[in-house]
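To keep things clear, I will list the structure first and then write my remarks on it.
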Amino acid sequence: MPESIRVLLFARYAELLGADRIDLALAEAVTVGDVLDRVRMLPGGSALPGAMLCAVNLRQATHSDLVSPGDEVALLPPLAGG
Amino acid sequence: MPESIRVLLFARYAELLGADRIDLALAEAVTVGDVLDRVRMLPGGSALPGAMLCAVNLRQATHSDLVSPGDEVALLPPLAGG
Amino acid sequence: MHLTDQPIDAASLAGRIQTARRGGVVTFVGHVRDHHGGRAVQRLEYSAYAPMAETACAEIVREAGERWPVSVELRHRTGELGVGEVAVAVAVAGDHREEAFEACRWVIDEVKRRVPIWKREYYEDGTVAWVDPTAPGGAVPAQYPAEGPRA
Amino acid sequence: MHLTDQPIDAASLAGRIQTARRGGVVTFVGHVRDHHGGRAVQRLEYSAYAPMAETACAEIVREAGERWPVSVELRHRTGELGVGEVAVAVAVAGDHREEAFEACRWVIDEVKRRVPIWKREYYEDGTVAWVDPTAPGGAVPAQYPAEGPRA
């Protein structure tokens, strides 16, 4: 069983962290907000904005949604498609 | 100098009158309504509707507009373009 | 010229107005449908009061360019058309999509409202009618059958 | 698949959905513009969270078909694009033009609202920025220059 949460970073957020994928070791369920707090402590993470659009397993999620080991959390900069 | 008004008929109106062009001899200015009355007296003309969209010299006109010899009056069935 | 008796290529119409500045292009293409008023349409024939129709189309295109910052192309087919053929095409290019959508919708609405064009429909059952948006059922029987003098 | 790194042909997209019944086809095509926020754009690069973007596009297309009696095709380009290239195309076919216009406008609005795609713009002056509709000026400077690791 996976014991980490995969965090994906895109576009400007990937630039700020210098990485587009981070695996966070987590033994139990936490909130999306907890994941964001962990990411902010990484090098470059303090430059991330206070509010971020997030997705869990391909669906938009709120900061209070729970995530478990094995889930994929994506931090999405402001969308600019179309 | 022309001494007639050219009347153009289109689509169903041309079918009803069996003609798509009629020259009405007219020595002086009359109204579009007068022209319509003359056309209605021609064979098939009684089948024309009471109200008809008309144009004088390529511009939509009302039945009270004046027309003079040399003008082109068009009787336009309900538009069906597009 | 906005009226044509040749097939209309909507893609090339859009290509005429799209520029490096006007990046949002909205196109409306009206194809001949296979049904009208519950009857199966086989083919149809558009006739026009050509000089007035050209004048009206040119005015609509000019007015659209005055109302919105857009470029407009408009073509309407005349003559005989089969099911699926392009009857009318409007292409509008704007800096932004809002004005391109609004102008394209306005142009096709005005074409239907102002341009003297008429449509004779030939049905699968052999009958023929003049399309009349003001009539019950949307059409009035034609005097001559499919093989009559105007066919 | 709605995302593609190959050039988008809007005309063939429209051809996929137009049928003998659905005769009114509205198309929106967004081309890369040569300017943004007052700066001259040279080229740009679209990146996406591909699996989520595909899911979002599929949902938008499905929802449009539930809201209106229309058929919808949607394509969004990824990768490097030059000025004038097609970035996004939406084609909608309906029995009548009203629903085709409404649905087409709705689809492109939802694409901008929901689909995780990002745009990196390369300007004529050598600077690079991430397009950000929520930021003042509509863009945020990129950390790496044009020839940086992501170029």
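Structure above, values below:
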quantity	calculated
Set D:30, D:37: member being within 14 Å of chain C (Cβ to nearest Cβ), in contact with a helix residue (DSSP H, G or I) (Cβ under 8 Å, 6 or more places away or on another chain) and surrounded by 17 or more Cβ atoms within 10 Å (Cβ to Cβ)	D:30
One residue from B:16, B:8 being farther than 15 Å from residue B:61 by Cα and touching a residue at least 12 places away in the same chain (Cβ under 8 Å)	B:16
Number of the condition not met by residue D:16 [criteria: (1) more than 12 Å from chain C (Cβ to nearest Cβ); (2) assigned to a strand (DSSP E or B); (3) closer than 30 Å to residue C:36 by Cα]	(2)
Test: residue D:91 is more than 10 Å from every other protein chain (Cβ to nearest Cβ) and touching a residue at least 24 places away in the same chain (Cβ under 8 Å)	no
Residue that is nearest to the other protein chains (Cβ to nearest Cβ), among those in region A:11-32 that are surrounded by 13 or more Cβ atoms within 10 Å (Cβ to Cβ) and over 19 Å from residue D:143 (Cβ atoms)	A:32
Condition broken by residue B:8, with the remaining ones in (1) assigned to a strand (DSSP E or B); (2) in contact with a helix residue (DSSP H, G or I) (Cβ under 7 Å, 6 or more places away or on another chain); (3) within 10 Å of another protein chain (Cβ to nearest Cβ) satisfied	(2)
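Read the figures in this text as sums done on the coordinates, not as results from a lab. All of these numbers come straight from a predicted model, not from anything done at the bench. FYI the Cβ positions are ideal-geometry reconstructions off the backbone, even for glycines, and counts take in every protein chain you see.
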